[in-house]
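Q: Quick one: this structure, given as structure tokens, is what I'll be asking you about.
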Amino acid sequence: MVRLFVALSPPPKALAEVAEAVEPHRGGWPDLRWVAPELWHVTMAFLGEVGEETLPRLATRLARAAGRYPPMTLSFGAGGAFSSPSRAQVVWLGLRGGGAELSRLAASLAAGARRAGAAQTSDKPFRPHLTLARARPRGGVDARPLVEALAAFDGTPWRAEEVHLVRSHLGASVRYEVLAAWPLTGHG
Ligand code: ATP
Ligand code: MG
């Protein structure tokens, strides 16, 4: 079995802006585990554990789903937290500009994965975000000052032109491996 998700990989310039905004806060939150910038991504669909025999079918379905959507202009926006800033499990930056089209792409990728027999279905509505940090305590963290400090963030727009199928290698240090990339062509 392999642990998979589908993601957008924002360009280094967009991520460098985020890194600059986050840097001053890193030291001040002992109850948060910050995600290393080289791991930053926008999850479009979480597929969970998938049998390797499913990969060829999965690739076909995901390529087809991606091909139905055109490239999108996105930007990182205000910070937020799941489930709320006062009980944060995950602190993130929002994604602007994708609108309904980005949600439809996420739904199409999930549907394609499901048809390939891959998806651990998640009923949660798609909330596009960039995870910055996760709480160490199970009950979450009061991250209101951090979320407020990131409220004004407004990054330079970037183009999302492809989606990546990514394998998670979990363990003492998480590693992501890009298995495939499919363009958003809008021609599918
Ligand atoms: P770790 O779990 O060790 O913190 P991780 O969360 O980065 O590492 P994965 O758990 O493999 O690695 O998750 C990969 C991506 O999918 C991350 O962006 C994660 O937030 C997202 N993800 C994980 N589980 C789910 C889920 N049940 N529903 C939606 N997205 C998920
Ligand atoms: Mg996880």
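Quick note: the coordinates plus some simple rules give every number you see, no bench work behind them. Model, not experiment: these values are computed from the prediction. Cβ: placed from backbone, ideal geometry, glycine included. Neighbour counts: every protein chain shown.
Q: Would you grab the residues whose amide H sits under 5 Å from the one on GLN120? Only those 5+ places off in sequence or on another chain, please, with H modelled 1.01 Å from N.
A: Close amide H contacts, sequence-distant or interchain: GLY48.
Q: Spelling out what I want: for every residue of region 98-104, take phi, set θ = phi - 60°, compute 6.51 cos²θ - 1.76 cosθ + 1.60 (Karplus), and round to whole Hz; glycine and proline get x.
A: x, x, 5, 4, 5, 5, 5
Q: How large is ³J(HN,Hα) for each residue in region 65-79, as worked out from phi by the Karplus curve 6.51 cos²θ - 1.76 cosθ + 1.60 (θ = phi - 60°), to whole Hz, x for Gly and Pro?
A: 3J(HN,Hα) across region 65-79, in whole Hz: 4, 4, x, 7, 10, x, x, 10, 9, 10, 8, 7, x, 3, x.
Q: Kirkwood hydrodynamic radius for region 1-47: how many Å is it when counted over pairs of different Cα atoms? Each step should come with its number before you reach the end.
A: On the way: mean 1/r = 0.0804 Å⁻¹.
Evaluated on region 1-47, it is 12.4 Å.
Q: Okay, moving on. Under a crude label model (7 Å from the Cα following the beta-carbon direction), how far is GLN120 from GLU52 in nanometres?
A: Calculated label separation equals 2.0 nm.
Q: List the trypsin sites (Lys or Arg not before Pro) within region 113-164 that fall in a DSSP loop (any state other than H, G, I, E or B) and whose Cβ has at most 15 other Cβ atoms within 10 Å. Mind showing how you got there, number by number?
A: On the way: sites: ARG114, ARG115, ARG134, ARG138, ARG159; in loops: ARG138.
Here the trypsin sites (Lys or Arg not before Pro) that fit, given the DSSP loop and packing criteria, are ARG138.
Q: Over all directions, how big on average is the projection of the convex hull of the alpha-carbon atoms in region 108-170, in square nanometres? Before the final figure, lay out each step's value.
A: Values: hull surface 28.6 nm².
For region 108-170, the mean projected area of the Cα convex hull comes to 7.1 nm².
Q: Now a separate question. Taking the inverse of the average 1/r across all pairs of different Cα atoms in region 45-96, what Kirkwood radius in Å do you get?
A: On the way: mean 1/r = 0.0702 Å⁻¹.
Here the Kirkwood hydrodynamic radius works out to 14.2 Å.
Q: Okay, moving on. Would you kindly calculate the translational diffusion coefficient of region 1-117, applying Stokes-Einstein with the Kirkwood radius from alpha carbon pairs, for 20 °C and a viscosity of 1.002 mPa s, and quote it in µm² s⁻¹ without decimals? Display every interim value, and only then the final one.
A: Numbers: Rh = 16.1 Å.
Translational D for this selection: 133 µm²/s.
Q: Could you pull out every residue, at least 5 positions away or on a different chain, whose amide H is within less than 5 Å of the one on VAL163? Hs are placed 1.01 Å off N in the peptide plane, and Pro or chain starts have none.
A: When sequence neighbours closer than 5 places are left aside, the close amide H contacts are TRP182, LEU184.
Q: From the C-alpha gyration tensor of region 54-144, pull out the three semi-axes of the equivalent ellipsoid (sqrt of 5λ each), sorted largest to smallest, in whole Å.
A: Values for region 54-144, descending: 29, 18, 9 Å.
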